[in-house]
Amino acid sequence: MLYALTDALAYNFLLVGTLAGYLQEQGLDADLLRRHLQCPDPDRYVNQEALDLLSGLMGRPVNEGQREPTWHFVGRQIAQCGVDQSKERSQPQPE
């Protein structure tokens, strides 16, 4: 049980960092972001893993010659599955 709780905490931290990184990219006011994160330093959450996940979710390519980071791969797979499912829903169903 405790192992699962620590995993949940780690994924929550990653999710918060990914969302904070996205909001930073969108130009959200830094004071507003700090207030919502309830943290004086947003970079506490916005680490390289969070940025890799965000890049994968946004479909950004990996630099040529660079190995794809794990969280980039995970984000890319999540985004790809979302696109695949939306295509399935938009196609007419056989009668």
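Taking every C-alpha pair closer than 8 Å and separated by at least 6 residues, the mean separation divided by the residue count of the range 1-51 gives a relative contact order of 48 percent.
Using the Cβ of Gly17 as centre and a radius below 13 Å, the other residues enclosed give a net charge of -4, where K and R count +1 and D and E count -1.
When Thr70, Thr18 are compared by accessible area at a 1.4 angstrom probe, the order from most to least is Thr70, Thr18.
The values are calculated or read from the model by the stated rules, or taken from the named source; none is laboratory data. Since this is a predicted model, take the numbers as computed values, not measurements. Neighbour counts are summed over all protein chains in view; Cβ atoms, including those assigned to glycine, are modelled from backbone coordinates with ideal geometry. Side chains included, ligands, DNA and RNA excluded: accessible areas come from the protein's heavy atoms. Shrake-Rupley method; radii C 1.70, N 1.55, O 1.52, S 1.80 Å.
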